[in-house]
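Have a look at the structure below before the remarks.
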Amino acid sequence: MTVVTNRYQKTLNATDFGLTADVSLAGGKWTLVCEYVVPAQQEIAVGATEVIQGGATGRPAYIRFDDTSGQLTGKIRIVVADANDQGQVVTEHSTAEWSASETDRNSALLLHEDLRRAQQDSKIQIWMYVAADKTIDYDDADVKISLPVTVYTVRR
């Protein structure tokens, strides 16, 4: 039996996802960019729900990937995968939507807490699709990941 002992929200960044090297993206196909492995005794849902002025809304999410000439265009998807890399797409949006705003709730991509939870040793993955071959310049000043999640501490 699983018992939830605590629940809190946090934001995963590029360091959490282990983005520490340039990533080559093949044109015309989805490429795994980076992943976060869920620690022991935790379950994590992508997104976080807040109540603002009496209504439930998601927290702002922001992902931007650049190469040496500027922001890459394409699509970015968040996948929850088990330890064997069998995954389910949680959300998918254009790069323009992901990078619309970091803080302005009127234009930012707002992610509500997803009902699916990645469990211990599962992965939250970021995949990207581009039309032509590109390379993510991981240490470019504009490259950023800010993905809200809801963490459940569990006891089994």
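For this structure, a couple of remarks:
- Boolean, Glu102 is within 26 Å of Asp137 (Cβ to Cβ), of a type in the set (Asp, Glu) and in contact with a Ser or Thr (Cβ under 7 Å, 6 or more places away or on another chain): yes
- Residue in region 90-97 that is within 26 Å of Gln41 (Cβ to Cβ) and free of Cβ contacts under 8 Å to residues at least 60 places away in the same chain present: yes
- Residue that is nearest to Glu102 (Cα to Cα) [pool: residues in region 34-69 that are of a type in the set (A, V, I, L, M) and crowded, with 20+ Cβ neighbours inside 10 Å]: Ala61
For (1) assigned to a loop (DSSP other than H, G, I, E, B); (2) buried (at least 20 other Cβ atoms within 10 Å of the Cβ), each residue gets a yes or a no:
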residue: Val79; (1), (2): no, yes
residue: Thr91; (1), (2): no, no
residue: Arg105; (1), (2): yes, no
residue: Asp114; (1), (2): yes, yes
residue: Met128; (1), (2): no, yes
residue: Thr153; (1), (2): no, no
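- Selection count, region 32-70, where residues are in contact with a strand residue (DSSP E or B) (Cβ under 6 Å, 6 or more places away or on another chain), outside any loop (DSSP other than H, G, I, E, B) and small (Gly, Ala, Ser): 4
We did not get these values from a lab; they are worked out from the coordinates using the rules stated. Model, not experiment: these values are computed from the prediction. Neighbour counts are summed over all protein chains in view; Cβ atoms, including those assigned to glycine, are modelled from backbone coordinates with ideal geometry.
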